[in-house]
Amino acid sequence: MKAMRTLVRASAMAVTAALLTAPAAAEDGYRLWLRSDAPAEGPIAISRLGDTPTLRLAEAELRRDLPAAANLPVVVALASDPAVSALRLPVAELGNEGYLVRPSSIGGRQVLLITGNTDRGVLYGAFALIRHVASGGQVANATLRSAPKVKLRVLNHWDNLDGTVERGYSGESLWDWWKLPDYRDPRYTDYARANASIGVNGTVLNNVNAKADSLTAPYIAKAAALADVFRPWGIRVYLSARFSAPIEIGGLKTADPRDPAVAAWWKAKADEIYRAIPDFGGFLVKANSEGQPGPRDYGASHADGANMLAAAVKPHGGIVMWRAFVYADTDPEDRAKQAYTEFKPLDGKFADNVLVQVKNGAIDFQPREPFHPLFGAMPKTPLMMEFQITKEYLGQATHLAYLGPLFTEVLEAKTGRGQETVASVVDGESENHQLTGMAGVANIGDDRDWTGGTFNQANWYAFGRLAWDPSLDSAAIAREWAQQTFGTDPRVIGPVVDMMMRSREAVVDYTGPFGLAHLMATGHHYGPGPWVSELQRPEWNPVYYHRADRQGIGFDRTRTGSNAVAQYAPAVAKLYASPRTTPESELLWFHHLPWDYRLKSGETLWDGMVRRYDRGVATVAAMRREWDGLRALVDTERWEKTAAFLAIQEREARWWRDASLSYWQSVNGLPLPAGAAPPEHDLAWYKAQSYPHAPGNPH
Ligand code: BDP
């Protein structure tokens with residue numbers, strides 16, 4: 001009996017001890033990369049000079065996130081504060097969003113000063129210090145300075161008013177339009193905080209496939225409520241505008257941008273929006289693309305449409321982001337050429353508050369695309385980069401694909417005009433544009449961990465960091481994200497960064513190597529469908545892109561084909577003109593080659609393709625093993641979710657490989673090279689797979 005009592009007491013003590021050491025809540029990913037709690041031993045000395053809502057947030061963030069062990073008092077202050085201006089620090093080059101963090105002497109005391117020319121700059125400085133400390137740096141010797149290279153750093157939410165998200169794989173929309181404006185979910189604040197921590201300063205609330213309703217008074221009031229929440233975090237709201245709204249909600253007979261009544265309607269609409277949202281950012285427009293209305297419906301140009309809207313927001317300081325993602329069913333031209341053909345002649349015709357928003361590649365966010373030929377081709381027009389953070393074509397929510405290398409590969413690409421890079425076009429350096437921007441199609445939803453999986457958070461993070469500074473290194477971003485997300489233990493960080501840095505290339509390998517693209521299934525775009533050929537518009541069919549036949553595979557975009565290569569500057573066009581000088585990673589994007597074409601490795605194209613598919617699957621298997629090794633070092637909930645996702649990814653990588661190979665074999669009749677495993681099923685089986693309820697599908 002006594003022994004029993006002792007045992008009970010002992011186990012009760014064990015439970016109590018466990019409770020004391022366990023975190024207050026399980027780590028479910030909600031806190032993203034901002035994982036510190038208020039220091040247990042009381043906050044370090046933090047003082048704030050000046051008082052604005054944003055300065056107060058900067059102070060609160062430091063109190064919440066800096067470790068108690070920090071051994072230097074911290075002062076947050078505007079550079080214009082007399083105590084700071086007396087120091088004569090080099091603050092001019094910080095602009096209105098940059099920050100400076102450095103040990104200084106204020107009022108005879110040694111402190112760590114966080115300053116900027118605006119309170120937003122100070123807030124970014126506070127987050128920079130938190131990032132520095134969370135990735136292993138010290139408070140005492142922190143010396144950090146940075147100013148954003150890109151002015152508009154904007155998320156594009158493809159969120160619908162009914163709560164669904166087009167190409168969203170993380171639950172429903174974060175915006176509860178129905179309960180807005182009365183109920184402001186605290187999550188809106190957490191969203192703004194996360195964005196501010198990585199420098200995002202704008203958000204387009206609604207889908208580019210827009211409904212006119214979002215421009216009606218009730219929805220303007222709802223957007224205004226969100227803008228109120230976001231404002232102190234330095235974030236402006238923008239709206240996608242449906243070009244035909246004057247007809248749908250304005251009672252006009254036309255939306256012709258040259259009609260004065262249409263222009264007057266938009267002007268009045270802009271005035272109405274600015275009364276509710278004085279710092280409204282402006283409009284994003286998808287026009288004459290995939291069934292959306294636009295100026296071409298009236299024989300007017302994209303510049304006519306953009307400039308008419310630009311005039312409406314101009315008196316209020318607003319801008320228009322006009323998308324170049326256009327292609328038409330009536331146009332037999334290579335889809336990859338159409339945006340350039342349409343927009344290049346308009347260079348110099350856009351108003352000065354218009355940015356043309358260009359996707360990173362000429363087709364559509366594929367796992368790999370050469371940079372869009374418009375970059376470098378419209379020197380008189382600010383071109384805004386559009387990346388897709390949500391991984392529509394890279395395995396959606398469950399595949400681990402860190403997009404940092406995809407983003408930097410495009411940004412670092414040379415346009416062929418001297419030393420110009422895509423980044424220098426986007427950040428304005430190349431042509432000295434002041435209005436610059438980068439957009440990322442958001443991967444955020446109402447899932448508890450925001451993005452449907454821990455590693456998807458890294459893509460949101462990397463987008464923000466690269467929008468701030470497109471010259472950052474993707475591995476360095478992976479490392480700082482991983483340290484903030486999992487802690488600084490090198491036994492974790494090494495494998496995590498390694499997995500991340502291999503992941504995107506693995507997706508390229510198992511979905512379509514050597515520059516193949518657009519091979520996915522129809523509608524939901526989930527899984528393989530290289531055989532699809534019966535869709536109404538030719539360029540909706542994968543066969544349009546790969547052009548595989550008994551002799552060879554690939555899209556000839558040289559002079560003997562569509563001549564899309566001529567859209568690049570001569571130095572780049574020359575490289576792409578020959579398969580020998582085209583990077584092998586982009587080979588079949590530009591060339592139709594025989595299956596027995598000799599790769600640089602000496603093997604045939606076909607053997608090389610099979611090897612890439614196998615390499616992709618093998619890399620995912622290796623990533624799984626690496627993650628397995630971290631079981632004891634990562635909190636259970638996040639570890640298990642990622643482990644389950646990696647198992648899905650490995651299965652689906654095999655599916656992609658096997659389905660693709662069995663289809664290619666049905667076309668080329670070639671055997672697999674020695675040692676390659678035959679596909680698990682026959683082609684008919686792969687073709688029969690159907691997923692009517694896959695998420696993110698537009699409806
Ligand atoms: C494609 C998506 C489609 C979007 C379109 C766009 O499949 O849902 O509406 O891009 O960017 O990638 O407008």
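From the list 438, 384, the one residue that fits, being over 29 Å from residue 521 (Cβ atoms), within 16 Å of the ligand (Cβ to nearest atom) and out of contact with any Leu (no Cβ under 6 Å at 6 or more places or on another chain), is 438. Inspect all residues belonging to region 61-71 and state whether any of them is closer than 16 Å to residue 46 by Cα, at pLDDT 95 or above and in contact with a strand residue (DSSP E or B) (Cβ under 8 Å, 6 or more places away or on another chain). Taking every residue of region 61-71 in turn, none turns out to be closer than 16 Å to residue 46 by Cα, at pLDDT 95 or above and in contact with a strand residue (DSSP E or B) (Cβ under 8 Å, 6 or more places away or on another chain). Of all the criteria given as (1) in contact with a Phe, Trp or Tyr (Cβ under 8 Å, 6 or more places away or on another chain); (2) surrounded by fewer than 23 Cβ atoms within 10 Å (Cβ to Cβ); (3) closer than 29 Å to residue 521 by Cβ, the one not satisfied by residue 447 is (1). Across region 275-293, the qualifying residues are those that are assigned to a loop (DSSP other than H, G, I, E, B), of a type outside the set (A, V, I, L, M, F, W, C) and under 19 Å from residue 157 (Cβ atoms), and the one among them that is farthest from the ligand (Cβ to nearest atom) is 279.
Checked against the criteria, residue 670 counts as modelled with pLDDT of 95 or more and not in a helix (DSSP H, G or I).
Residue count for region 365-384 satisfying the condition of being touching a helix residue (DSSP H, G or I) at 6+ places or on another chain (Cβ under 9 Å) and farther than 17 Å from residue 431 by Cα: 7. Looking only at region 409-442, filter to residues that are over 18 Å from the mean Cα position of the chain (by Cα) and outside any loop (DSSP other than H, G, I, E, B); which one of those is farthest from residue 323 (Cα to Cα)? The selected residue is 414. Scanning region 319-357 for residues that are among the aliphatic types (A, V, I, L, M), out of contact with any strand residue (DSSP E or B) (no Cβ under 9 Å at 6 or more places or on another chain) and assigned to a loop (DSSP other than H, G, I, E, B) turns up 326, 328.
Among the criteria (1) at pLDDT 95 or above; (2) surrounded by fewer than 20 Cβ atoms within 10 Å (Cβ to Cβ), the one residue 535 does not fulfil is (1). State yes or no: is residue 155 closer than 18 Å to residue 440 by Cα and either aromatic (Phe, Trp, Tyr) or away from the ligand (no atom under 15 Å from the Cβ) (or both)? Answer is no for this residue. Taking every residue in region 161-173 that is assigned by TED's automatic domain parsing to the domain that holds residue 450 and among the hydrophobic types (A, V, I, L, M, F, W, C) and pairing it with any residue that is surrounded by fewer than 18 Cβ atoms within 10 Å (Cβ to Cβ) and at pLDDT below 95, at least 6 positions away or on another chain, yields no pair with a Cβ-Cβ distance below 8 Å. Summed over region 204-236, the residues that are in a helix (DSSP H, G or I) and within 16 Å of the ligand (Cβ to nearest atom) give a count of 1. A Cβ distance below 6 Å, combined with a sequence gap of six or more or placement on separate chains, defines the contacts here; from region 281-294, residues that are in contact (Cβ under 8 Å) with a residue 40 or more places away in the chain reach residues that are within 11 Å of the ligand (Cβ to nearest atom) and among the polar types (S, T, N, Q) in the pairs 284/240; 286/292. Could you say whether any residue in region 510-527 is in contact (Cβ under 8 Å) with a residue 40 or more places away in the chain, crowded, with 23+ Cβ neighbours inside 10 Å and part of a helix (DSSP H, G or I)? Yes, the conditions are met somewhere in region 510-527. Checked against the criterion of being touching a residue at least 12 places away in the same chain (Cβ under 8 Å), surrounded by fewer than 20 Cβ atoms within 10 Å (Cβ to Cβ) and over 27 Å from residue 665 (Cβ atoms), the candidates 547, 559 yield just one match: 559.
Could you please let me know if residue 549 is of a type in the set (Asp, Glu) and farther than 19 Å from residue 373 by Cα? Yes, satisfied.
With respect to the stated conditions, residue 504 fails to be free of Cβ contacts under 8 Å to residues at least 24 places away in the same chain, of a type in the set (Lys, Arg), more than 17 Å from residue 668 (Cα to Cα) and more than 16 Å from the ligand (Cβ to nearest atom). For residue 124, the conditions (1) outside any helix (DSSP H, G or I); (2) within 26 Å of the chain's Cα centre (by Cα) are fulfilled apart from (1).
The values are calculated or read from the model by the stated rules, or taken from the named source; none is laboratory data. This is a predicted model, so every value here is computed, not measured. FYI the Cβ positions are ideal-geometry reconstructions off the backbone, even for glycines, and counts take in every protein chain you see.
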